[in-house]
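Below you'll find the structure, written out as structure tokens, and then a few comments.
The values are calculated or read from the model by the stated rules, or taken from the named source; none is laboratory data. None of the values given here were measured: they were computed from a predicted structure. Methodologically, a virtual Cβ is constructed for each residue, glycine included, from the backbone with ideal geometry; neighbour enumeration extends over all protein chains shown. Surface areas here come from the heavy atoms of the whole protein model, side chains and all, with no ligands, DNA or RNA. Shrake-Rupley method; radii C 1.70, N 1.55, O 1.52, S 1.80 Å.
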Amino acid sequence: MCGGAKVISIDRHKKSFSCIMAVFTMMSLRMNLLKMDYKGNPLKRYLDALSGFSLEQLILFAGMICLFYYMLREIQRYRPENKAEFRKDCCCASLLGFFFAICMIVGNAIEVNGELSALYMGKLQIFKSITVLIGYTCLFSSVIIYLFYKWDHLTLCQNSNDEKIVSKTFGGRYLSFLENHTFLCSFLTIVVLYIPYIVCSYPAILQGDAQDFILQGYNLPSLQSERLVLLNKNVYLNAHHPVAYTMLVHICMIIGKFLFKSWNAGLFLVSLIQFVFAASVISYFVKFLRELRVNIKICFVSLIYYCISPRMVSYMFLFSKDIFYAYMMLFLIVLLAKIMIWKSLFTSNREKCNKNILLIYLALIFLCGGFIVFFRNEAKYIVGIWFVFLIAHFKEYRKELGIGLALILFLLFCINHIIFPYLKITPGSTKEMLSVPFQQTARYIKEYSDEVTEKEKEVIDRVLNYDTLSERYEADRSDKVKDGWNKYTSKVELKEYFSVWYQMLKKHPLVYAEATLNNYYYYLYPGKRLATNYSYSWSEKCMDSVNKRGNQLNMDVHYPVKLKYLRNCYEALREGIFNLPVLGAFKCVALYIWLLLIFAFYLFRRQKIDILCWGIIPLLASVGIAFLGPCNGYYFRYVYMITVALPAVLLLGLIDKKYRWIKMNNAGTQILNDK
């Protein structure tokens, strides 16, 4: 679709284009790229790689033609008259479509074979790969350019003259209530829809890290404290997990035990605080949409997303730091949106902002930034990158943002390097940042152990226990490889290890690439495995582990036996519904990241740098952090923040500009039409 010296009229040839692109797309979908047959005529082998013909495929082919025809017709309808601009749009869409096509090809090869050799072993395989690449590129590029022009002409806001919803039906009355009392209605909706989930999940859904949060608060040894060199052997509290969240959990456990004589009550209090906080932030976001005159039905859909999306639901009562982190990020994005929206309005009106209100919101932003940093260890990198972009772009707020970032970093430095050492709180392990090189080393040894010298073995053994390294290697997660980490490893030994790592890289770089792709490909490839959840059965095992390690306190956390059948039925129903075709997309991590990338390209192409800075940058930084973590994309917790914040970024980035958004005055804010 990339334009050349002459742009061919899509209107004249869209039927032909539709058929051609449908043919290539069908070949991509039907081609068995990984079938390697080295005997016989190349043309016959190429045709044999195409799956057999069937009525379903004929229907799919006809559907593809209709889809391409519709998209090309809409592109022709909305495309700019300036041919140069249209070429740039096409090139941008083609570039991203080409990247997604590569993700499909590489992801399929890794998912099936665990290696890339099938894509390039022989001329026929290369030709088949090119065929599939062309087909997917046609499909994805067309969809992307279609989205670009649809977003250009999408109207989300209502006119002030639009009639308010007046209906005696339940739906009409509900929407009217949502329109007039947005925050209250949103909050009550979330509470009502989550009641079955709260009942089934009482007291909480535990995951593997839960024992660390609970036991460390009572200064009891936990799994992570055993893996660290403690500053004081009698102080088990450590910073492997955020100390702030550990302290919150401990306070709730004390309150629950004191008031209700129940360990379960403490767990439930933590989960309830998380739930109320998340519901309040969601309601605040929906309320802000209404302040911007976003159509009430779009507000309702946004609200329902947080109420029925399977991973939004299954995580809301999860005993994890990620809930506070994700929803505080959403809250911070909305606050930044308010500040930047005011900025655009007052720049155009040549008016000065009310400094008091502005300073209040800036103070809230800094508090939120600090909250995020202290409730998620790697968040300091995300917040740092985010604020650097904000400072670089928003010159009018450069001083305030710079001071705020400096204060956050100074406070973080004081806590990590003064307060924690004074209290003998052990810092987290270095190994948490080394998932990628450790996994690459393990795969290298698994495939080329005969090339490893005795000196290299000694160096690796001092860091990772060489003898069992290849056995511990799991392609899609690095946890077991990191379990062999020698906690007494010195900086000199680590430096020697990286010297060996680099020498191995020069010998077999493809092994390193395949190790990384195997560990992370589901983040960018919508494959067969969907995002997993923390099941009630797994939570029960985590509870047993907590009780066993906390037996000296007679700790007893458990699920009510009478609710076991209800829990199992509820979980089976929720997961079963969202395993159905189409609905399964809600559990596909790659589609969230693809949508984020498409919208980032769209904003960049439309030069909406403001939205890129306050909305897209933190989400992209979070994706980057996920690619340094231990697990593949089916482990949903590492992208949970992205799925929470993405609807806000999309909607706030697409707000119709024919309306003035906000006018600030001493009384607060109100919405005005752009006259």
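Side notes on the structure shown:
- Selection status of Trp538, touching a Pro at 6+ places or on another chain (Cβ under 6 Å) and either basic (Lys, Arg) or outside any loop (DSSP other than H, G, I, E, B) (or both): no
- Out of Glu447, Glu458, one residue alone is touching a residue at least 60 places away in the same chain (Cβ under 8 Å), part of a helix (DSSP H, G or I) and open to solvent by 60 Å² or more (accessible area, probe 1.4 Å). It is Glu447.
- Of all residues in the stretch 116-140, those that are part of a helix (DSSP H, G or I) have Cβ atoms under 6 Å from Cβ atoms of residues that are open to solvent by 30 Å² or more (accessible area, probe 1.4 Å) and hydroxyl-bearing (Ser, Thr, Tyr), 6 or more apart or on another chain, in Ile126/Tyr120.
- Test: Arg606 is modelled with pLDDT under 95, closer than 22 Å to Phe285 by Cβ and open to solvent by 30 Å² or more (accessible area, probe 1.4 Å): no
- The stretch 448-463, residues that are closer than 22 Å to Ser490 by Cα and either in contact with an Asp or Glu (Cβ under 8 Å, 6 or more places away or on another chain) or hydrophobic (A, V, I, L, M, F, W, C) (or both): Val459, Ile460, Asp461, Arg462, Val463
- Some residue of the stretch 232-249 being more than 28 Å from Ser320 (Cβ to Cβ), surrounded by fewer than 19 Cβ atoms within 10 Å (Cβ to Cβ), free of Cβ contacts under 8 Å to residues at least 24 places away in the same chain and charged (D, E, K, R): yes
- Flag if Met27 is surrounded by 18 or more Cβ atoms within 10 Å (Cβ to Cβ), modelled with pLDDT of 75 or more and within 27 Å of Phe140 (Cβ to Cβ): no
- Qualifying residue in the stretch 43-63 (condition: modelled with pLDDT of 65 or more, more than 27 Å from Leu591 (Cβ to Cβ), among the basic types (Lys, Arg) and surrounded by 14 or more Cβ atoms within 10 Å (Cβ to Cβ)): no
- The stretch 166-185 residues that are in a helix (DSSP H, G or I), paired with ones that are open to solvent by 80 Å² or more (accessible area, probe 1.4 Å) (beta carbon under 8 Å, 6 or more apart): Gly172/Val166; Leu175/Lys297; Ser176/Lys164; Ser176/Val166; Glu179/Lys164
- Applying the criterion of being among the polar types (S, T, N, Q) and in contact with a helix residue (DSSP H, G or I) (Cβ under 9 Å, 6 or more places away or on another chain) to the residues of the stretch 193-228, the residue that is surrounded by the fewest Cβ atoms within 10 Å (Cβ to Cβ) is Gln207.
- Scanning the stretch 215-269 for residues that are within 30 Å of the chain's Cα centre (by Cα), among the small types (Gly, Ala, Ser) and outside any helix (DSSP H, G or I) gives Ser222, Ala239.
- Residue-level check: of (1) hydrophobic (A, V, I, L, M, F, W, C); (2) in contact with a helix residue (DSSP H, G or I) (Cβ under 6 Å, 6 or more places away or on another chain); (3) at pLDDT below 90, Val463 misses just (3).
- Per the listing Asn519, Asn533, the residue uniquely assigned to a helix (DSSP H, G or I), touching a Lys or Arg at 6+ places or on another chain (Cβ under 8 Å), crowded, with 18+ Cβ neighbours inside 10 Å and not charged (D, E, K, R) is Asn519.
- Odd one out for Leu524, checked against (1) over 28 Å from the mean Cα position of the chain (by Cα); (2) of a type outside the set (Lys, Arg); (3) within 30 Å of Ala475 (Cα to Cα); (4) surrounded by 18 or more Cβ atoms within 10 Å (Cβ to Cβ): (1)
- Some residue of the stretch 616-630 being over 22 Å from Val436 (Cα atoms) and modelled with pLDDT of 90 or more: yes
- Evaluated against (1) in contact with a helix residue (DSSP H, G or I) (Cβ under 6 Å, 6 or more places away or on another chain); (2) among the polar types (S, T, N, Q); (3) within 21 Å of Leu193 (Cα to Cα), Ser622 falls short on exactly one condition, (3).
- The stretch 480-503, subset assigned to a helix (DSSP H, G or I) and hydroxyl-bearing (Ser, Thr, Tyr), residue surrounded by the fewest Cβ atoms within 10 Å (Cβ to Cβ): Tyr502
- Residues located in the stretch 284-294, provided they are open to solvent by less than 50 Å² (accessible area, probe 1.4 Å) and either over 15 Å from Ile333 (Cβ atoms) or at pLDDT below 95 (or both): Phe288, Leu289, Arg290, Glu291, Leu292, Val294
Here is a yes/no grid of residues against (1) in contact (Cβ under 8 Å) with a residue 12 or more places away in the chain; (2) among the hydroxyl-bearing types (Ser, Thr, Tyr); (3) open to solvent by less than 20 Å² (accessible area, probe 1.4 Å):
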| site | (1), (2), (3) |
| --- | --- |
| Leu612 | yes, no, no |
| Leu619 | yes, no, yes |
| Ser622 | yes, yes, yes |
| Phe627 | yes, no, no |
| Phe636 | yes, no, yes |
| Ile642 | yes, no, yes |
| Gly653 | yes, no, yes |
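- Some residue of the stretch 521-528 being at pLDDT 90 or above and basic (Lys, Arg): no
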